[in-house]
Amino acid sequence: MTANFRMYAACLASYNAGILHGVWVDLDGKTADDIQAEIDAMLAASPVPGAEEWAAHDWEGLDFGEYPNLVEVADYVETMESLDDSERDAFRAFMDNMGPHDGTSLARFREAYLGEFDNVEDYAQQYIDDVGLLSDVPDHIARYFDLAAFARDLVLGGDIWTADAPGGGVFVFSNV
């Protein structure tokens, strides 16, 4: 499934001459070389002879700034296209916290992403259930377990980190 990522590449020689000349580059399914070829064709067609410099003046679906690294852009788009809709927002949150996309980010994301939850306590409860943390503790004692404190300690202790999910919950990621 394509995610419809686009970048507007503008000719800076034209821009500096007061002329708007550029091209929207569809990024879906393209390599850095494909993107550069479209930019080179736009520069070759510039109304200002000898135009060589360009800048990204607009983005759709992503934003790598005015002077992007096209390898990072292509890798990011390829990664986003490989994710299902439910993972895309989580991957964006992951990348916002992890820095530049370097081609290994998808593997790091898959390893770290623990899921989307209504709150950190819901993750903590799932963790407790999954590992059987209280399975051998009698119910009359287990009810004294402080779930909120445990969830808080998971975050403050550095075991997990969270990012706000667009729907109101949290994305939970492992630091391990």
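The values are calculated or read from the model by the stated rules, or taken from the named source; none is laboratory data. These numbers were taken from a predicted model, which means no experiment stands behind them. As a convention, Cβ positions derive from the backbone with ideal geometry for all residues, glycine included, and neighbour counts pool all protein chains shown. To get the accessible areas, we keep the full protein, side chains included, count just its heavy atoms, and leave off ligands, DNA and RNA. Shrake-Rupley method; radii C 1.70, N 1.55, O 1.52, S 1.80 Å.
Computed from the C-beta positions of E66 and N119, the FRET efficiency with R₀ = 22 Å rounds to 0.05.
Here segment 2-23 is scanned for amide nitrogen atoms under 15 Å from the site 7 Å beyond the Cα of H57 along Cα-to-Cβ, giving 7-23.
Among the protein heavy atoms, those of E60 account for about 80 Å² of accessible surface (1.4 Å probe, every chain in place). Taken over the Cα atoms of segment 1-146, the convex hull encloses 124 Å³ per residue.
Can you sort I19, I141, I35 by solvent-accessible area, 1.4 Å probe, largest first?
Most to least solvent-accessible, the answer reads I141, I19, I35.
By accessible area of protein heavy atoms, probe 1.4 Å, what ranking do V77, V131 get, highest first? It would help to have the intermediate numbers written out before the result.
Working: V77 0, V131 85 Å².
Descending accessible area places them as V131, V77.
Within segment 70-95, list the residues whose amide N lies under 19 Å from a label point set 7 Å along Cα→Cβ of W161. So the set is 88-95.
Reported value for segment 57-99: 73 Å³ per residue, from the convex hull of its C-alpha atoms. Among the protein heavy atoms, those of Y123 account for about 20 Å² of accessible surface (1.4 Å probe, every chain in place).
Translational diffusion of segment 38-80, estimated by Stokes-Einstein from the Kirkwood radius over alpha carbon pairs at 4 °C in a medium of 1.567 mPa s, is 110 µm² per second.
Semi-axes of the equivalent ellipsoid of segment 49-129 are 34, 12, 10 Å, computed as sqrt(5λ) over the eigenvalues of the C-alpha gyration tensor in descending order. Surface composition of segment 9-95: carbon plus sulfur atoms hold 47% of the accessible area, using a 1.4 angstrom probe and ignoring ligands, DNA and RNA.
Ignoring ligands, DNA and RNA, how do S82, S46, S135 rank by accessible area with a 1.4 Å probe, largest first? Display every interim value, and only then the final one.
Details: S82 65, S46 20, S135 85 Å².
From most accessible down to least: S135, S82, S46.
Think of it as helices only: each DSSP H run of n ≥ 4 in the chain is worth -39500 (n - 2.57), and spread over all residues that comes to -13000 deg cm²/dmol at 222 nm. For segment 108-167, the solvent-accessible area works out to 67 Å² per residue, with a probe of 1.4 Å and every protein chain left in place. A simple spin-label model places the labels of D130 and N4 3.4 nm from each other, with each point 7 Å out along Cα-to-Cβ.
Selection among G168, F94, A56 by position relative to the dipole of the chain gives A56 as farthest towards the positive end (Cβ unit charges, Cα centre).
Provide the gained length on full extension for the span R143 to M98, in nm with one decimal, where the gain is 0.36 nm per separating residue minus the Cα-Cα distance.
12.5 nm
Once all protein chains are placed together, L70 keeps about 20 Å² accessible to a 1.4 angstrom probe.
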